[in-house]
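Here's the structure we're looking at; comments come further down.
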Amino acid sequence: MAKALSVDLRRRVVRAIEEGASCRQAAARFGVSASSAIRWAELVRKAGDPAPRRQGGDRRSAWIEAQAPRILAAIERQPDITLADLRSELAGHGIAVSVAGLWRFFARRRITLKKSQGMRRSRTVPTS
């Protein structure tokens, strides 16, 4: 992902627009694209500052964190539940979440889900 242009440059472009230059004229004057100048001017109208927002990072975990009591209660009821089964149970309550999202939820809490052995070991062929 490209790095955002400096806040100083953004403010100078917006100041030129506020002083009467068109967005395209200000963009040409400072060597930026016209679309950037238009977006920065709009950002100042809406937010009051042309500073860029944070790039990257987690934007969705707050939603699943709000469901934490229900998820943790399901784990207490059935400690050896699989992530796919937990996802199905949550879907029954109208909560749409991916298996990967559940995985990250438990990783943030340092909770590991250990499963009980599903099948008896084979006695006819050694596995190691």
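In the range 7-47, what is the volume of the convex hull around the alpha carbon atoms, normalised per residue and reported in Å³?
Dividing the Cα hull volume of the range 7-47 by its residues yields 54 Å³.
Run the dipole for the chain about the Cα centre, Lys and Arg Cβ at +1, Asp and Glu Cβ at -1, nothing else charged, and hand back the magnitude in debye, nearest 20.
Rounded to the nearest 20 debye, it is 400 debye.
Where does the range 28-90 land on Rg(C-alpha)/(2.2 N^0.38 Å)?
2.07
Over the chain, what per residue volume does the convex hull of the Cα atoms give, in whole Å³?
201 Å³
Note down, for the range 61-108, the three equivalent ellipsoid semi-axes (square root of 5 times each alpha carbon gyration tensor eigenvalue), biggest first, whole angstrom.
For the range 61-108, the ellipsoid semi-axes come out as 14, 12, 11 Å.
Specify which residue in the list ALA100, GLY48, ALA37 is farthest towards the positive end of the charge dipole of the chain, using unit charges on the beta carbon of Lys, Arg (+1) and Asp, Glu (-1), about the Cα centre.
Positive-end residue among those listed: ALA100.
Over the chain, calculate the relative contact order: mean separation of alpha carbon pairs under 8 Å at least 6 apart, over the residue count, as a percent.
17 percent
Each value in this text was obtained by applying a stated rule to the coordinates, not by laboratory testing. These numbers come from a predicted model, not from an experiment. Here Cβ is always computed from backbone atoms with ideal geometry, including for glycine, and neighbour counts include all displayed protein chains.
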